[in-house]
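To keep things clear, I will list the structure first and then write my remarks on it.
Bear in mind these aren't lab numbers, they're just calculated from the coordinates by the rules spelled out. For clarity, every value in this text was computed on a predicted model and none was experimentally measured. Here Cβ is always computed from backbone atoms with ideal geometry, including for glycine, and neighbour counts include all displayed protein chains.
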Amino acid sequence: MSPSNGGGAGFEYNQELGGRAIPRSRDGSRSPGWDDPVDLDKDPAAVPDPALIDVPPELRREFEEIIGRYPERHSAALPVLAAAQRHHGWCSPQAILQAASVMRVTPGYLTSVATFYDMFELAPSGRHQVYVCTNISCSLRGADELYAALEAAVDGDPDINVRHFECLGACDIAPMVSVDQVYYGPLQTSDAERLVADLRAEREPLPELALALRPNADAALEEDEAAK
Amino acid sequence: MSSLLLMRDIDEPGLADIAVYERRGGYKSLRKALAMTSDAVLAELDASGLRGRGGAGFPAGRKASFLPKGDMDKYLVCNADESEPGTFKDRELMQKSPHMLIEGIVIAAHAAGVNHAFIYIRGEYEEQAKILDLAIAQARANGYIGERILGSGVSLSLVLHRGAGAYICGEETGLLDSLEGKRGNPRLKPPFPAIEGLYGGPTLINNVETLATMPHIIEMGGAKYAKLGVSGSSGTKVVSVSGHVTRPGNYEIDLGIPSREIIYDLAGGPPAGRQVKLWFPGGSSAPVLTAEDLDVPYDFDSLAKAGSMLGSGAIIVVDDSTPVLDVALKLAKFYRHESCGKCTPCREGTNWTVRMLERIDGGEATPMDLDIMASVQDHIIGNCLCVLGDAMAMPIGSMIVKFRDEFEAHLQSRQLAGAI
């Protein structure tokens, strides 16, 4: 019996899933079989040779600036991956390879980090990121209905990525969304259509609902009391 | 009414700008602190009785005093990874008064003899991170951060570090691993971070609100601050109120006022015609309390005596229109998603709790499943490296005890619906 992962063939990317980066060995499993020997001839993971990896100059400069902030270069992993994702649209194998070559770590190391954190996209994703908070405080105020309405409004458009996200720390404007890292709320279910239309027209979505415009709750209290 | 410290000027237009902050008396406390020895600053923090505002409530002055003396590299990390469901106080403080946090960081660094400081802010808070970036640049330009701050012997570097979306990184050792560029897995303790933390050096980790309180303590003096609030829980606290209330938001209170005052008088109580069914006093990780507990004073010790905890100071109110099972399932799914998977009781316990709750909801469970679910919670608590598993086990366990009848009725009605 030949080892299923032998010959250093390594992993390949599954094209059937739209090129999503799901590593699989030849027999389709995600790891060498239980009884298969480890491939001792395979070279250990190596730091990519910077001479062989093409990194766009502006991206390299950004990586180097980030690495320079820390006493230890590994600390730059998260912000470097974030910069790579901003440039490439997602943490593609190429993005990770470029980041690894400048950080002087193995691509495997950065992949292990990227898969841990929710904000790193491991598959190609839309230009617009819409995070809908569906945790407890928001769901008590209708976030699940809002999520359904947004999904319906987006209607499979690959340009807009609607995701459940765990408590975004804005329960005072529940239910709320984070659109390309900017917070908006409270939203009605009926706002979903307008939000998506604004995004498609490249306008700021729901500008009057931006969190930045909202005064503290104590001020709201005073207004309420004045109204009485 | 309560004394306002942290939120006194919070809606002052342009407070995020250093000129406005200085005009409102900002950075005066830092000048005062720099004129004192670090031991004297520590003594003020100790005298204030300030307890950590992040969740555990450990005395802040004592924590700072645990760092060894000497010339080694020591670190201060501000935990701004506010991810506890229901909590949004740090977001408002950083967004509107970033210099108050920076001033607190420099004071704490001076007290603990630290030269390198980091703010670990959650990645989702990009708006607040941009504001902080600007504020840090201004503070550096005005000589409040850097070499020999304001001509004193104190030097401090400050780096803002953005996270990337992981609840576990709010746990202090998970945060340190994440800041070192790894997956955010918690570490075995001891050694505690005060002895061996970031890059193996002594590290002081404090919550945003804890640090932002320090300028006020230095300004008024520790002894005077200790007179605010009640014995054992001194000072003021920013409480985030959310869920089924008419005015959700952040309210600064004197610790020790009745919880009812916060939920009804400040946040407006549940919508007309509905009653409080249960409430979380300290974020979603706190055991739930019911309408009977509304008169419990809102402070560390009284809430502990009532069987819950003050936690991060986030009140989530659930009224009688929501089934308790929905709340439990929402929470269990959250903790299942956020478990880092390092310790078996948490990884498996959160997963099986979700499955058992779904079985109850699907009418496939037996009443015995409630006992099994309760025992699963008991087996998580205290058996992991960090308290993420406990943070699910405590509220779910308390719901099973306090709402057992409702769980059983829910199961019965689903079984009946299935039989027809």
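Of all DSSP bridge pairs formed entirely within the range B:18-227, close to 10 percent run antiparallel. Rounded to the nearest 20 debye, the dipole magnitude of chain B is 780 debye, with +1 charges on Lys and Arg beta carbons, -1 on Asp and Glu beta carbons, and the Cα centre as origin.
By the beta-carbon count within 10 Å of each Cβ, the least crowded to most crowded order of B:353, B:366, B:322, fewest first, is B:366, B:322, B:353.
A Förster distance of 45 Å, applied to the separation of the beta-carbon atoms of residue B:355 and residue B:292, puts the FRET efficiency at 0.90. Quick one: net charge around residue B:39, please, counting Lys, Arg +1 and Asp, Glu -1 for every other residue with C-beta under 12 Å from its C-beta. Around residue B:39, the surrounding residues sum to -1.
A straight line joining the Cα centroids of the range B:368-420 and the range A:158-205 runs 33 Å.
In whole Hz and in residue order, list the ³J(HN,Hα) couplings for the range B:233-238 that follow from phi through the Karplus curve 6.51 cos²θ - 1.76 cosθ + 1.60, θ = phi - 60°; x for Gly and Pro. Values, residue by residue: 9, 7, x, 9, 9, 8 Hz. Listed by chain and number, the aspartates and glutamates placed with their C-alpha closer than 17 angstrom to that of residue B:402 are B:292, B:293, B:319, B:320, B:326, B:369, B:371, B:378; residues fewer than eight positions away on the same chain are left out. As a rough footprinting exposure proxy, the listed residues B:392, B:373, B:72, B:368 were ranked by other beta carbons within 10 Å of their own, and the order from fewest upward is B:368, B:72, B:373, B:392.
Cross-link partners of residue B:130 among lysines, defined as those whose alpha carbon lies under 19 angstrom from its own and excluding same-chain residues fewer than eight positions apart: B:89, B:96. Listed by chain and number, the lysines whose alpha-carbon sits under 22 Å from that of residue B:182, ignoring those within fewer than 8 places in the same chain, are B:74, B:342. Put simply, the amide H of residue A:165, placed in the peptide plane, has neighbours under 5 Å in A:132, A:133, A:134, leaving out anything fewer than 5 places away on its chain. Evaluated with a Cβ-only charge set (Lys, Arg +1; Asp, Glu -1), the protein assembly as shown carries a dipole of roughly 1440 debye about its Cα centre, given to the nearest 20.
Dipole size of the range B:18-227 about its Cα centre, with +1 on Lys/Arg Cβ and -1 on Asp/Glu Cβ: approximately 460 debye, rounded to the nearest 20. Here the contact order of the range A:100-212, divided by its residue count and restricted to Cα pairs under 8 Å and six or more residues apart, works out to 25 percent. Reported to the nearest whole Å, the Cα centre-to-centre distance from the range B:1-74 to the range A:46-115 is 37.
With a Förster radius of 25 Å applied to the C-beta separation of residue B:413 and residue B:372, the computed FRET efficiency comes to 0.75. Placing unit charges on the Cβ atoms of the charged side chains and taking the dipole of the protein assembly as shown about its Cα centre, the candidate lying farthest along the positive direction among B:275, A:162, B:83 is B:83.
Take the Cβ atoms of residue A:46 and residue B:69, set R0 to 35 Å, and the FRET efficiency comes out at 0.20. Ordered by the number of other Cβ atoms lying within 10 Å of each residue's own Cβ, fewest first, B:10, B:121 fall into the sequence B:10, B:121. The HN-Hα couplings worked out from phi for the range A:106-111 by the Karplus form 6.51 cos²θ - 1.76 cosθ + 1.60 (θ = phi - 60°) are 7, x, x, 4, 5, 5 Hz, whole numbers, x standing for Gly and Pro. Ranking B:144, B:112, B:37 by Cα position along the charge dipole of the range B:18-227, where only Lys, Arg, Asp and Glu carry charges on their C-beta atoms, puts B:37 farthest toward the positive end. Spatial offset of the range A:128-145 relative to the range B:110-157 amounts to 34 Å, using the alpha carbon center of each.
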